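The values are calculated or read from the model by the stated rules, or taken from the named source; none is laboratory data. Everything numeric in this text was worked out from a predicted model, so none of it was measured. Don't worry about glycine lacking a Cβ; one is built from the backbone with ideal geometry, like all the others, and counts go over all protein chains shown.
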Amino acid sequence: MGVIEDWGVPIEDLNAVLAERPSVRGILLGFLSEYRLQRTALADSRIHKPVRHDDRDRARPADFSFEYLGNVFTVEVKSLRTESVRPLNGGFAGSSQVDASDKRRVVLPDGGALETTCLLAGTFDILAVNLFEFRQRWDYAFIRNEDLPRSRRKRYTDHRRRHPLATSAGVEWPLEPPFHGEPWPILDAIVRERRDRRRKRP
């Protein structure tokens, strides 16, 4: 038995609620995105010690952390904005949500602070975008944090604009760089860069 069975409601009722309440559908899709990623990419034998972070822990903005080739990585999971999806040249185009669910105070590297829904550059390693709305399949697109667009809000100074990420990022199917269909090319590149930095240290 499961939750649906415990509630004693027919599946038709659940479908009706999800169809009539887009916000509920979006929340459920978000949690399913995390769950499916945990059961697929993060269940790969090359991944070790995967940990799901508490959504309420503002000090750890990423959804998951894990070890790969002796390095610790963090990944944030987001989904396509349903209303953004459209056909394009035999494939699809859309935009992924990148922002936080609510406004909060974030501290910048220079010590300044902002009240914003924007996520910050460098606070996680990889964004994993659930692409279900493209083809009704649980595909993911992976992109490095540093390759995500920055916010263009005019209220940010040029100096501070380097840190807040834009609240959405465009995605196309078939995928084009800097997006990848698997995390391994990104992980391997970051491992090499970290190794090179360690070697250059005096």
For this session: May I ask you to verify whether Arg155 is surrounded by 13 or more Cβ atoms within 10 Å (Cβ to Cβ) and at pLDDT below 95?
Result: no
Problem set entry | Residues located in the range 105-143, provided they are of a type in the set (Lys, Arg), under 22 Å from Gln38 (Cα atoms) and either touching a Ser or Thr at 6+ places or on another chain (Cβ under 9 Å) or touching a residue at least 24 places away in the same chain (Cβ under 8 Å) (or both) | Arg135
Exercise. From the list Leu88, Leu80, which one is in contact (Cβ under 8 Å) with a residue 12 or more places away in the chain, touching a Ser or Thr at 6+ places or on another chain (Cβ under 9 Å) and not charged (D, E, K, R)?
Worked result: Leu80
For this session: Please find, among Ala121, Ala113, the residue that is under 13 Å from Pro164 (Cβ atoms) and touching a helix residue (DSSP H, G or I) at 6+ places or on another chain (Cβ under 9 Å).
Result: Ala121
Problem set entry | Among the residues listed as Leu108, Leu88, the single one being under 29 Å from His163 (Cβ atoms) and aliphatic (A, V, I, L, M) | Leu108
Problem set entry | Every residue from the range 168-198 that is in contact with a Gly (Cβ under 6 Å, 6 or more places away or on another chain) and loosely packed, with under 15 Cβ neighbours inside 10 Å | Pro174
For this session: Say whether the condition of being among the polar types (S, T, N, Q), within 22 Å of Thr40 (Cα to Cα) and part of a helix (DSSP H, G or I) is met by at least one residue in the range 142-153.
Result: yes
For this session: From (1) part of a helix (DSSP H, G or I); (2) in contact with a helix residue (DSSP H, G or I) (Cβ under 7 Å, 6 or more places away or on another chain), pick out the condition that doesn't hold for Phe66.
Result: (1)
Problem set entry | Selection from the range 94-119 of residues that are surrounded by fewer than 19 Cβ atoms within 10 Å (Cβ to Cβ), small (Gly, Ala, Ser) and touching a Lys or Arg at 6+ places or on another chain (Cβ under 6 Å) | Ser95, Ala113
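Go over the candidates Arg86, Arg46, Arg137, Arg144 one by one and state the one that is among the basic types (Lys, Arg), touching a helix residue (DSSP H, G or I) at 6+ places or on another chain (Cβ under 6 Å) and at pLDDT 95 or above. Outline the logic, then answer.
Details: Arg86 fails: touching a helix residue (DSSP H, G or I) at 6+ places or on another chain (Cβ under 6 Å); Arg46 fails: touching a helix residue (DSSP H, G or I) at 6+ places or on another chain (Cβ under 6 Å); Arg137 fails: touching a helix residue (DSSP H, G or I) at 6+ places or on another chain (Cβ under 6 Å).
Of the residues listed, the single one that is among the basic types (Lys, Arg), touching a helix residue (DSSP H, G or I) at 6+ places or on another chain (Cβ under 6 Å) and at pLDDT 95 or above is Arg144.
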Exercise. Is it the case that the range 10-28 has a residue that's within 15 Å of Glu182 (Cα to Cα), under 22 Å from the mean Cα position of the chain (by Cα), in contact (Cβ under 8 Å) with a residue 12 or more places away in the chain and exposed (fewer than 14 other Cβ atoms within 10 Å of the Cβ)?
Worked result: no
